[in-house]
Amino acid sequence: MRLQTEQLVIFASHPTFDEGKGFGMRKMSGLLLGAAMLVPILGTGCGPRRQVQVDVWGPGETTYYTRWEHDTDRDHVAWDQRNEHDREAYWKWRHHHPD
């Protein structure tokens with residue numbers, strides 16, 4: 001299909017292709033590119049938050065410790081004499097048995 005001269009003049013004078021009027025294709029593509037580059041930067045702080053559990057032995061912990069010994073069929077041993085494996089097992093159990 002061959003365009004007539006009048007059709008080319010009308011097509012070329014359309015505001016989208018006129019650099020001086022409105023948002024041209026160049027300006028729009030620049031804005032879209034800028035927005036696409038900002039999305040990862042702005043989205044980095046929006047991820048899920050992890051709650052950090054700090055295992056601190058406090059005055060109320062003795063009750064749970066005694067219950068853990070009973071529930072897991074362990075003999076009573078003072079906390080500071082427990083080995084690392086038992087301590088880790090206790091804190092794992094404790095995280096599943098909140099106050």
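Suppose the filter is modelled with pLDDT under 75, over 37 Å from the mean Cα position of the chain (by Cα) and assigned to a helix (DSSP H, G or I); does THR16 pass it? Can you show your working first?
Working: modelled with pLDDT under 75: yes; over 37 Å from the mean Cα position of the chain (by Cα): yes; assigned to a helix (DSSP H, G or I): yes.
For THR16, the condition - modelled with pLDDT under 75, over 37 Å from the mean Cα position of the chain (by Cα) and assigned to a helix (DSSP H, G or I) - is met.
What do you reckon, is GLU69 out of contact with any helix residue (DSSP H, G or I) (no Cβ under 6 Å at 6 or more places or on another chain) and modelled with pLDDT of 95 or more? Outline the logic, then answer.
Details: out of contact with any helix residue (DSSP H, G or I) (no Cβ under 6 Å at 6 or more places or on another chain): yes; modelled with pLDDT of 95 or more: yes.
Considered against the rule, which asks whether it is out of contact with any helix residue (DSSP H, G or I) (no Cβ under 6 Å at 6 or more places or on another chain) and modelled with pLDDT of 95 or more, GLU69 comes out as yes.
Does segment 84-97 include one or more residues that are at pLDDT below 95 and outside any helix (DSSP H, G or I)?
Yes, segment 84-97 has at least one match.
The values are calculated or read from the model by the stated rules, or taken from the named source; none is laboratory data. Since the structure is predicted, the reported quantities are computational estimates derived from the model, not experimental observations. So basically every Cβ, Gly included, is an ideal-geometry build from the backbone, and we count neighbours across all protein chains shown.
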